[in-house]
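Here's the structure, in structure tokens; my notes come after.
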């Protein structure tokens with residue numbers, strides 16, 4: 001269909017991202033693909049978007065092609081309809097968070113570089129966004145492939161040599177170390193802060209947390225306000241994360257408390273579920289600032305072949321919904337930390353992509 005020339009900056013960006021401005025109603029989309037309006041709505045809702053009125057011209061050729069591709073996968077029996085919805089929800093949710101994070105990072109960059117207020121910085125980002133599109137697009141594809149390769153590698157490492165072995169119907173499928181960490185006194189501390197001061201604390205907290213989790217071979221499941229939930233494939237890695245987080249954030253005057261436990265979880269929709277997730281949450285609530293708690297069962301597992309950690313049993317505590325819990329305070333030995341740190345690359349975290357003068 002013929003399209004009028006875009007006029008506003010947003011119309012230009014929209015056309016560049018999606019190939020054109022809106023050209024179809026939802027009725028026309030359904031007719032082109034040969035599916036029901038309800039099916040189109042299901043896809044659109046799974047993407048995280050609100051319902052579009054029947055007579056509103058809203059959809060582009062790119063929308064039609066994306067919906068047609070998923071519909072064809074269902075009709076060809078590559079995936080079931082519920083699975084297709086789940087896949088689209090994963091994409092929609094992840095991309096919503098991703099683009100928000102990316103745009104906010106660019107707004108912060110523009111605001112600081114050119115000393116602009118927030119509104120002006122956002123308008124500059126809108127005006128200049130197409131300059132960043134090729135970089136962000138190529139990095140997105142690369143990162144998806146790298147993360148997928150890493151996940152499939154973990155599946156291969158953990159399960160490829162377990163032929164004939166499986167979990168029972170009652171067991172949750174994945175054994176993981178689950179860690180939880182949050183900032184102590186966050187509400188009272190931040191209530192009087194300026195926007196810039198709050199932004200600095202949030203950035204320091206989250207960047208440190210993510211770097212520590214990644215450096216120790218663990219993975220962030222999610223962040224919720226001032227809390228970080230993460231998993232590791234072995235308990236020692238999870239314990240290293242917990243103790244490193246407490247110590248490193250204390251160095252920048254951000255007191256936190258943490259917990260780490262070992263057990264089985266169910267992974268769904270990018271999140272984890274199970275009794276040990278609840279146990280990690282309860283132990284984290286019990287922990288004092290600057291400490292790490294685990295339960296006695298996890299501590300007994302960690303104690304096997306342990307040369308890194310000191311474990312101090314504490315008084316049993318009754319926890320609502322879980323009964324008696326036997327907490328154990330976890331500390332990393334200074335010598336073990338130094339040995340672990342010296343075994344790394346020794347270069348720390350980069351502060352820029354400068355030229356390496358040793359390269360020839």
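Within the bounds of the range 153-164, is there any residue that is farther than 30 Å from residue 330 by Cβ and at pLDDT 95 or above? Give the derivation first.
Step one: filter the range 153-164 for residues farther than 30 Å from residue 330 by Cβ, giving 156, 160-161, 163-164.
Okay, now just the ones that are also at pLDDT 95 or above, so none.
The answer is no, given that none of the residues of the range 153-164 is farther than 30 Å from residue 330 by Cβ and at pLDDT 95 or above.
Working carefully through the options 281, 207, find the one that is in the same structural domain as residue 328 (by TED's automatic domain parsing) and within 22 Å of residue 326 (Cβ to Cβ). Before you say what the answer is, go through the steps one by one.
On the way: 207 fails: within 22 Å of residue 326 (Cβ to Cβ).
Selected residue: 281, the only one of 281, 207 that is in the same structural domain as residue 328 (by TED's automatic domain parsing) and within 22 Å of residue 326 (Cβ to Cβ).
Here are 274, 290: which of them is more than 16 Å from residue 227 (Cα to Cα), touching a strand residue (DSSP E or B) at 6+ places or on another chain (Cβ under 8 Å) and assigned by TED's automatic domain parsing to the domain that holds residue 206? Give the derivation first.
On the way: 290 fails: more than 16 Å from residue 227 (Cα to Cα).
One residue alone meets the criteria, 274.
Let's see how each residue does on (1) in a helix (DSSP H, G or I); (2) surrounded by 12 or more Cβ atoms within 10 Å (Cβ to Cβ); (3) over 24 Å from the mean Cα position of the chain (by Cα):
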position: 87; (1), (2), (3): yes, yes, no
position: 104; (1), (2), (3): yes, yes, no
position: 107; (1), (2), (3): yes, yes, no
position: 130; (1), (2), (3): yes, yes, yes
position: 144; (1), (2), (3): yes, no, no
position: 152; (1), (2), (3): yes, no, no
position: 155; (1), (2), (3): yes, no, no
position: 172; (1), (2), (3): no, yes, no
position: 179; (1), (2), (3): no, yes, no
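If a residue has to be surrounded by fewer than 20 Cβ atoms within 10 Å (Cβ to Cβ) and either modelled with pLDDT of 95 or more or on the phi < 0 side of the Ramachandran plot (or both) to count, how many in the range 256-273 make the cut? Break it down stepwise before answering.
Filtering the range 256-273 down to residues surrounded by fewer than 20 Cβ atoms within 10 Å (Cβ to Cβ) leaves 264, 266-271, 273.
Then drop every residue that is not either modelled with pLDDT of 95 or more or on the phi < 0 side of the Ramachandran plot (or both), which leaves 264, 266-268, 271, 273.
So the answer is 6.
Go through the range 109-126 and report how many residues are more than 21 Å from residue 9 (Cα to Cα) and in a helix (DSSP H, G or I). Let's see the steps before the verdict.
Initial filter on the range 109-126 (more than 21 Å from residue 9 (Cα to Cα)): 112-113, 115.
Filter once more, so that each one left must be in a helix (DSSP H, G or I): 112-113.
The total comes to 2.
Out of the residues in the range 290-340 that are in a helix (DSSP H, G or I) and surrounded by fewer than 11 Cβ atoms within 10 Å (Cβ to Cβ), which is modelled with the lowest pLDDT? If you could, list the steps in order and put the result at the bottom.
Residues of the range 290-340 in a helix (DSSP H, G or I): 296-303, 334-340.
Restricting the remaining residues to those that are surrounded by fewer than 11 Cβ atoms within 10 Å (Cβ to Cβ) gives 334-335, 338.
Details: 334: 83, 335: 74, 338: 68.
That would be 338.
Within the range 1-83, considering only helices (runs of 4 or more DSSP H) that don't extend past its boundaries, which have at least 1 residues that are touching a residue at least 40 places away in the same chain (Cβ under 8 Å) and not assigned by TED's automatic domain parsing to the domain that holds residue 126?
Working: elements: 9-18, 26-33, 37-46, 61-75.
In the range 1-83, no matching helices (runs of 4 or more DSSP H) lie anywhere.
When residues of the range 285-318 are filtered for being within 29 Å of the chain's Cα centre (by Cα) and closer than 19 Å to residue 181 by Cβ, how many remain?
Number satisfying all stated conditions: 16.
Take the conditions in contact (Cβ under 8 Å) with a residue 12 or more places away in the chain, part of a loop (DSSP other than H, G, I, E, B), within 19 Å of residue 154 (Cβ to Cβ) and touching a strand residue (DSSP E or B) at 6+ places or on another chain (Cβ under 9 Å) and apply them to residue 217. Does it pass?
Numbers: in contact (Cβ under 8 Å) with a residue 12 or more places away in the chain: yes; part of a loop (DSSP other than H, G, I, E, B): yes; within 19 Å of residue 154 (Cβ to Cβ): yes; touching a strand residue (DSSP E or B) at 6+ places or on another chain (Cβ under 9 Å): yes.
Criteria met by residue 217.
The values are calculated or read from the model by the stated rules, or taken from the named source; none is laboratory data. What you see is a predicted model, and the numbers here were worked out from it, not measured in a lab. No Cβ is skipped: glycine too gets one built from the backbone with ideal geometry, and neighbour counts run over all protein chains shown.
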